[in-house]
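Written below as structure tokens is the structure these notes are about.
The values are calculated or read from the model by the stated rules, or taken from the named source; none is laboratory data. Since this is a predicted model, take the numbers as computed values, not measurements. Cβ placement follows ideal geometry from the backbone for every residue including glycine, while neighbour counts extend to all protein chains displayed. Ligands, DNA and RNA are excluded from the accessible area calculation, which covers all protein heavy atoms including side chains. Shrake-Rupley method; radii C 1.70, N 1.55, O 1.52, S 1.80 Å.
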Amino acid sequence: MKGLVIKNTGSWYLVKTEDGRTIECKIKGNFRLKGIRSTNPIAVGDYVQIIINNEGTAFISEIEDRKNYIIRRASNLSKQSHILAANLDQCMLIVTINYPETSTIFIDRFLATAEAYRVPVKLIFNKIDRYNEDDTRYMDALINLYTYIGYPCFKVSALNNIGTDEVKKDLKGKVTLLSGNSGVGKSTLINAILPEQTLKTGEISDYHNKGMHTTTFSEMFPVDGGGYIIDTPGIKGFGTFDMEEEEVGHYFKEIFEYSAQCKYGNCTHRHEPGCAVRDAVEKHLISESRYISYLNMLEDKEEGKYRAAY
Ligand code: GDP
Ligand code: ZN
């Protein structure tokens, strides 16, 4: 029987079957996914085949090909990775101008990583009720920038239910991963979007306290009109994608566009002569903040270190 994995506790999975039942399933100890070394090979969003025994227990026998998936490495040194979620239609990154401030470096690293995973991103600017004139002006400038590059933006006050209907509408019929630094209002927004859910702000915080961020625990919640939101408690973003130095520029859309005119094909847009990207930054055709984020990601590559994007 075919089903959708809607919850992953690390030791068992909740599978929603085509006939509408939700069944707790285990996986066989020898279950391995080709090409992926993972301590936990199945993720929420996976479509699976399950087999139900006579005793009423069930196990997952097969997993369908994924259209995409996001991973998180177990540690900087480990090659082992956790699959956080599969088959995403989009990701919504919640950011705040203030209380707390979300840096553009964090936003841009997240966007670049999502490009590498081929997951479209939308930005939710939350807590608009708290911003002063300067904050609001800066927010609008950022919204102009990101909308222009191709990332749709929402202005929201999750606390006051402002702008939440637009977000809700956009979730319909899609599988959406919600991300954001802690404190930006992710649980408040989930509560505003899913009023019928018993999920409370405090419950999510409990996951943090129990150190759940070191596990793959994640869950999908159905939204009105079809579709799901995925919450990965304790995980604020994606793990950095493994990419080559000259690849980083591919994931900054506007940098990639200009790079076609660079003198050297393998230009890293730092000091090379005839660099069309640096020229575009000087002419303000590429935003300086985006270029700084790009250099920041390159620096990680230079030092050969792995830095988490969350
Ligand atoms: P999370 O860590 O991202 O899940 O953040 P929470 O949802 O727990 O919110 C953190 C704090 O920000 C709480 O005190 C919320 O009440 C507050 N908060 C969330 N959304 C808003 C908002 O739209 N406006 C204001 N003023 N506060 C908010
Ligand atoms: Zn260049």
Q. Which residue, of Asn126, Asn132, Asn161, Asn191, is within 14 Å of ligand 1 (Cβ to nearest atom) and at pLDDT below 95?
A. Asn191
**Q.** Residue pairs meeting the criteria (Cβ under 6 Å; at least 6 apart or on separate chains; first assigned to a helix (DSSP H, G or I), in region 116-136; second open to solvent by 10 Å² or more (accessible area, probe 1.4 Å) and within 16 Å of ligand 1 (Cβ to nearest atom))
**A.** Ile128/Lys155; Asp129/Asn160; Arg130/Tyr99; Asp135/Ile97; Asp135/Asn98
Q.
The conditions are (1) closer than 18 Å to Cys91 by Cβ; (2) part of a loop (DSSP other than H, G, I, E, B); (3) modelled with pLDDT under 90, and Lys67 fails exactly one of them. Which is it?
A. (3)
Q) Among Leu111, Leu93, which is of a type in the set (A, V, I, L, M, F, W, C) and part of a helix (DSSP H, G or I)? A) Leu111
Q: Return the residue satisfying two criteria in turn: it lies in region 210-245 and is among the small types (Gly, Ala, Ser) and modelled with pLDDT of 75 or more, and of such residues it is most open to solvent (accessible area, probe 1.4 Å).
A: Gly225
Q) Across region 247-272, which residue is nearest to ligand 1 (Cβ to nearest atom) among those that are open to solvent by 40 Å² or more (accessible area, probe 1.4 Å) and not in a loop (DSSP other than H, G, I, E, B)? A) Lys253
